Amino acid sequence: MSKAPYDSFNLGDHVGDDAGAVEANRARLASGVGLTPDRLVWMEQVHGRTVAVVDGPRAQPLEATDAVVTKEPGLALAVLTADCVPVLLGDETAGVVAAVHAGRVGARVGVVVETLKTMLAQGAELERIEVLLGPSVCGECYEVPADMQRDVEKHLPGSASKSRKGTPALDLRAGLWNQLASAGVGRIGVDPRCTFEEKDLFSHRRQNPTGRLASVVWIEP
């Protein structure tokens with residue numbers, strides 16, 4: 001169990017938490033989904049649009065990667081977030097799943113679009129892909145400068161919003177939903193929780209330093 005400010009279930013190994021606590025938490029996560037720790041694939045997330053395809057376990061996090069795709073059953077793909085959008089995708093018929101780290105920069109440069117292209121190359125079909133946009137900072141809490149809002153809206157239409165104070169803000173989940181729907185994905189679910197508002201979720205904007213939550217997707221063996 002991690003101690004404050006990372007308590008209690010921090011899964012990020014790059015935020016200053018005790019390495020032993022993180023390892024124990026990751027083992028708990030693996031056990032909770034019925035897998036061994038070596039069957040979890042982690043990424044060294046850098047807010048880019050690099051997509052990796054894996055066919056087996058990795059001893060180390062995938063270097064400089066923000067999306068990972070697999071067709072290997074029983075291999076869980078994990079994405080770490082603390083305000084950014086975790087995006088989980090799957091085509092059950094083709095047996096292809098993906099996990100994406102979509103923060104402001106990654107969403108702006110098209111990491112989700114690149115992931116869709118990679119999934120299609122692995123045999124997925126757009127009309128069969130299901131998506132979950134996980135918990136992230138909401139459009140009423142993600143206040144940004146006006147020029148930043150305009151820039152992101154230009155590249156990710158539908159993301160511009162207003163904060164509770166009426167100032168410029170971003171709703172990345174709304175922009176990603178619009179992007180996915182425009183690409184032809186018809187089944188898109190959204191976890192409505194806001195990481196900034198939900199005190200049981202980690203939020204970099206609410207508290208820094210803080211831990212990271214993990215969203216995980218896998219194909220049942």
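Here, each number is a calculation from the coordinates, and none is a lab measurement. These figures come from a predicted structure and were not determined experimentally. For neighbour counting, all protein chains shown are included, and Cβ atoms are generated from backbone atoms with ideal geometry for every residue, glycine included.
Remarks
- Charge context of Leu116, other residues only, Cβ under 15 angstrom, K/R +1, D/E -1: -2
- For the range 107-144 versus the range 156-221, the inter-centroid distance based on Cα atoms is 10 Å.
- Proxy reagent accessibility, fewest Cβ within 10 Å first, across Lys71, Lys154: Lys154, Lys71
- Among Gly110, Gly166, Gly139, the largest mean-square fluctuation in a Gaussian network model of the chain (Cα springs under 10 Å) belongs to Gly166.
- Exposure proxy ranking, count of Cβ atoms within 10 Å, fewest first, for Leu170, Leu35: Leu35, Leu170
- Among His155, His204, sorting on how many other beta-carbon atoms sit within 10 Å of each Cβ, with the fewest leading, yields His155, His204.
- The range 19-217: projected area of the alpha-carbon convex hull, averaged over directions, in nm²: 10.7
- Percent of beta bridges antiparallel (DSSP, the range 19-217, rounded to nearest 5): 65
- Cysteines in the chain lacking a second Cys C-beta under 4.7 Å: Cys84, Cys141
- Packing-based ranking of 77-87, 13-23 yields 77-87, 13-23, ordered from highest to lowest mean Cβ neighbour count within 10 Å.
- Taking 7 Å steps out from each Cα toward its Cβ at Lys165 and Asn208 produces label points 1.6 nm apart.
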